[in-house]
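Asks: My questions all concern the structure below.
The values are calculated or read from the model by the stated rules, or taken from the named source; none is laboratory data. Predicted model only: the values in this text are computed from it and were never measured. Cβ placement follows ideal geometry from the backbone for every residue including glycine, while neighbour counts extend to all protein chains displayed. Surface areas here come from the heavy atoms of the whole protein model, side chains and all, with no ligands, DNA or RNA. Shrake-Rupley method; radii C 1.70, N 1.55, O 1.52, S 1.80 Å.
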Amino acid sequence: MRVAVLVSGGGTNLQAILNAVNDGRITNVTICGVISNRPDAFALQRAERAGVPGICVSRKAYATRAEFEEALLGAVDSLKPDLIVLAGFLVIIPPEMIRRYERRIINIHPSLIPSFCGDGFYGLHVHEAVLARGVKVTGATVHYVDEGTDTGPILLQQAVAVQPGDTPEVLQRRVMEQAEWIILPQAIDAIANDRVSRDSNGNYFLTTD
Ligand code: GRF
């Protein structure tokens, strides 16, 4: 299965995917390319180091949003992916891309959806809101992407304990280490090996062979 990874930042989730492919926790997958909307994203250096083609499609390079979206979709199509993984990608996915790759785009969100998600809930903002609310359990979610923001069907979640005195940065790191970097590779491997099913409620679950 050809997997394209879309990034905007440090690429620690991309690195978790690359590591999982290398050590066999993900099988039947080729990372066919990494696309970033930011030329300075460290994720692009991680891709280069791993010998994976890196493409930058920067909004600034295009006169209109429509032209940017067309270029983004063109870059994705050029990789001929079977699955698109949004790993810290901070761009709203164009509706045309959702249609063209229906149920073939997944996202990792650093909270237990439907909590602390939607417009404005990205990066550290998520963990700041978690600490402001005082919840004792947070975590991460892998979900299919639909036209909304963090609203698509949930595939996998992992809970993480909030500790007294956590800062947003400390909590973000724990959620990455104990949840994101584990469930995103797990979800990709399950999709690549046809181990995703739906129950009588229409909800998605990973099956264990
Ligand atoms: C992090 O906030 C992560 O929780 C979310 O995207 C941001 C960047 O992650 N998924 P990465 O290090 O670029 O993968």
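Asks: Quick check: pseudo-label points 7 Å beyond the Cα along Cα→Cβ at V170 and D77, how many nm apart are they?
Replies: Spacing of the two 7 Å Cα→Cβ label points: 5.0 nm.
Asks: Something else about it: Which percent, to the nearest 5, of DSSP beta bridges fully inside the chain are antiparallel?
Replies: Of all bridge pairs located within the chain, approximately 45 percent are antiparallel.
Asks: If you count only protein heavy atoms with a 1.4 Å probe, what accessible area per residue comes out for the chain, rounded to a whole Å²? Let's see the in-between values first.
Replies: Numbers: 10110 Å² over 209 residues.
Here the per-residue accessible area is 48 Å².
Asks: Carbon and sulfur together cover what percent of the accessible area of the stretch 157-209 at a 1.4 Å probe radius?
Replies: Within the stretch 157-209, the accessible surface is 46 percent carbon and sulfur.
Asks: Can you order the peptides 79-86, 189-196 by their average number of other Cβ atoms within 10 Å per residue, highest first?
Replies: Final packing ranking: 79-86, 189-196.
Asks: Assigning unit charges at the beta carbon (Lys, Arg +1; Asp, Glu -1) and nothing else, what dipole magnitude in debye, to the nearest 20, does the chain show about its Cα centre?
Replies: The calculated dipole for the chain is roughly 180 debye.
Asks: Using 0.36 nm per residue, how much length does the chain from N203 to R103 gain when fully extended, once their Cα-Cα distance is taken away?
Replies: 34.7 nm
Asks: Amide H of T30 versus every other amide H placed in the peptide plane: which residues, excluding those fewer than 5 positions away on the same chain, fall under 5 Å?
Replies: R2, V3
Asks: Using Cα pairs closer than 8 Å and at least 6 residues apart in sequence, work out the relative contact order for the chain, in percent.
Replies: 20 percent.
Asks: Right, another one. Please report, as a whole percent, how much of the solvent-accessible surface of the stretch 1-132 comes from carbon and sulfur atoms (probe radius 1.4 Å). The partial results should precede the final answer.
Replies: On the way: 3190 of 6110 Å².
So the carbon and sulfur contribution to the accessible surface is 52 percent.
Asks: As a test of reading the structure, rank K60, K136 by solvent-accessible area (1.4 Å probe, protein chains only), most first.
Replies: From most accessible down to least: K60, K136.
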